[in-house]
Amino acid sequence: MFHLQGPQVLQMLEKSLRKSLPESLKVYGTVFHMNQRNPFKLTALVDKWPDFTTVVIRPQEEEMTDDFDYYTNTYQIYSKNPPNCQEFLGASGVINWKQHLQIQSSQSSLNEVIQNLAAVKLVKVEQQQGIMYMLPERASKLLPSLLEAKNLPLKSGRHKVINQEMFQLSSLDVTHAPLVNKFWHFGGNERSQMFIERCIRTFPTFCLLGPEGTPVSWSLMDQTGEIRMGGTVPEYRGKGLISYLMDVHIHALDKLDYPSYYHTALTNKIIQKMSHSLNHITLPCNWNQWHCVPL
């Protein structure tokens, strides 16, 4: 096992992961932000260097002090050979299986390995999957062969027009975290609110303020470069607000050269329809998250 440290080595890792997109996207996006001052204090582990087979991104030891905080205790994994990475992932010091944790990856092929490890480590595991999307302008830079092979559009579509006299474009602050937490599918608890506050402090956020001057729709990103935790309060849904907001957010991140993307649940037909109407590219790999709890 090798801990990769220093900007030069991490930039080499980012460059190498870029060659394995889109399967490496969750890890690539995380390493990208590690090379942008590493605001979440993450560390990279590989089985060997420089010709690694498997890479694991995890928080530094001093960050993982709460055994029940699986929002902090989150691992991003990419492997060039998923069937043969079980020994590395099960090695001491790679994943702390005694904590409540999450594993994220763009590779559904890791599921069998994670399920096997969970059985060995006496851990209950629950997998969730989603569809991943990317702005065509960003995909043309990161995945040009994908667009060419499928003859996909090179530009995103037009978002719905909103009433800009009623809704004001703004950004979130930490006082808005409880609202975001209330409607986030993966949130609703004290630890998720702390995670949301950290994301608001760290990354660009966007929201629409309603007539009352409070957020009615919002969009923010996490440490992997993914736009997550987007939502609209129930009384303002169906007005195209999230479509407008995500379009503004994604284009703003694209100007910063961020490898932004997002996912939606397999059952969320509304967001899927919105994504297709905006010509967002469906990536040929799944969003995966495994929630692991020690027995």
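Taking only the alpha carbons of the stretch 16-62, what extent do you get along each of the three principal axes, in Å, biggest first?
Taking the Cα atoms of the stretch 16-62, the three principal extents are 28, 20, 14 Å.
So, in Å, what gap is there between the alpha-carbon centers of the stretch 232-270 and the stretch 127-152?
16 Å
Would you work out what percent of the accessible area of the chain, with all protein chains in place, is carbon or sulfur (probe 1.4 Å)?
On the way: 6860 of 13780 Å².
The computed percentage sits at 50.
Figure the gain on full extension for Gln11 and Lys48 (residue separation times 0.36 nm, minus the Cα-Cα span) and round it to one decimal in nm.
11.7 nm
Is there a quick way to get the dipole size of the stretch 166-295? I mean about its Cα centre, with the Cβ of Lys and Arg at +1 and of Asp and Glu at -1; what is the value in debye to the nearest 20?
That gives a dipole near 260 debye.
Using helices alone, I'd like the mean residue ellipticity at 222 nm for the chain: each DSSP H run of four-plus residues gives -39500 (n - 2.57), total over residue count, nearest 500.
-9500 deg cm²/dmol
Just need the relative contact order of the stretch 189-295 here, percent rounded to a whole number, with Cα pairs under 8 Å and 6+ apart.
With pairs under 8 Å counted, the relative contact order is 18 percent.
For the chain, what relative contact order do you get, as a whole percent, if you take Cα pairs closer than 8 Å and at least 6 residues apart?
Over the chain, the number comes to 24 percent.
Rank Asn163, Phe186, Ala149 by how far each Cα sits towards the positive end of the charge dipole of the stretch 118-211 (+1 on Lys, Arg Cβ; -1 on Asp, Glu Cβ) and give me just the farthest.
Positive-end residue among those listed: Ala149.
Rg and Dmax of the stretch 201-292 over Cα atoms: what are they, in angstrom?
When restricted to the Cα atoms of the stretch 201-292, Rg and Dmax are 13.6, 42 Å.
Under 8 Å for C-alpha pairs, at least 6 residues apart: give me the relative contact order for the stretch 61-112, rounded to a whole percent.
Working: 49 pairs, mean separation 25.7, N = 52.
Value for the stretch 61-112: 49 percent.
At q = 0.10, 0.11, 0.12, 0.14 Å⁻¹, what is the base-10 log of I(q)/I(0) for the chain according to the Debye formula with one equal point scatterer per Cα and no solvent? Please give it to two decimals.
-0.54, -0.65, -0.78, -1.06
So, in Å, what gap is there between the alpha-carbon centers of the stretch 33-83 and the stretch 154-194?
27 Å
So what's the stretch 151-268 giving for Rg/Rh, alpha carbon basis, Kirkwood Rh from the mean inverse pair distance?
Using Cα coordinates only, the ratio equals 0.95.
With the crude spin-label approximation of a point 7 Å out along Cα→Cβ, what separation in nm comes out for His291 versus Asn279?
Taking the two extended label points, one gets 3.8 nm.
On a 0 to 90 degree scale, rounded to 10, what angle separates helix 7-18 from the longest Cα axis of the chain?
Once rounded, one gets 70 degrees.
Could you check the simple spin-label distance between Leu142 and Gln129, using points 7 Å along Cα→Cβ, in nm with one decimal?
A separation of 2.1 nm, rounded to one decimal place.
Could you work out the percent of alpha carbon pairs in the stretch 88-178 separated by over 22 Å, rounded to a whole number?
Value for the stretch 88-178: 62 percent of Cα pairs lie more than 22 Å apart.
Angle, helix 111-121 long axis vs. longest principal axis of the chain, Cα atoms, 0 to 90°, nearest 10?
Tilt of helix 111-121: around 60 degrees.
Report, to the nearest 10°, how far helix 241-255 tilts away from the longest principal axis of the Cα atoms in the chain, using its own Cα long axis and a range of 0 to 90°.
In the chain, helix 241-255 runs at an angle near 60 degrees to the longest axis.
Taking a label point 7 Å from the Cα of Leu256 along the Cα→Cβ vector, which residues of the stretch 20-57 have an amide N closer than 15 Å to it?
Only 29-40 pass the distance filter.
Measure off 7 Å from each Cα along the Cα-to-Cβ vector at Val161 and Glu63, then give the distance between these two points in nanometres to one decimal.
It works out to 4.5 nm between the two label points.
Quick one: which of 52-59, 105-112 comes out on top by average Cβ neighbours within 10 Å, and what's the full order, highest first?
52-59, 105-112
The values are calculated or read from the model by the stated rules, or taken from the named source; none is laboratory data. Computed from a predicted structure; not experimentally measured. Every residue, glycine as well, gets a Cβ built from its backbone with ideal geometry; the counts of neighbours run over all protein chains shown. Just so you know, the surface numbers come from the protein's heavy atoms only, side chains and all, with ligands and any DNA or RNA stripped out. Shrake-Rupley method; radii C 1.70, N 1.55, O 1.52, S 1.80 Å.
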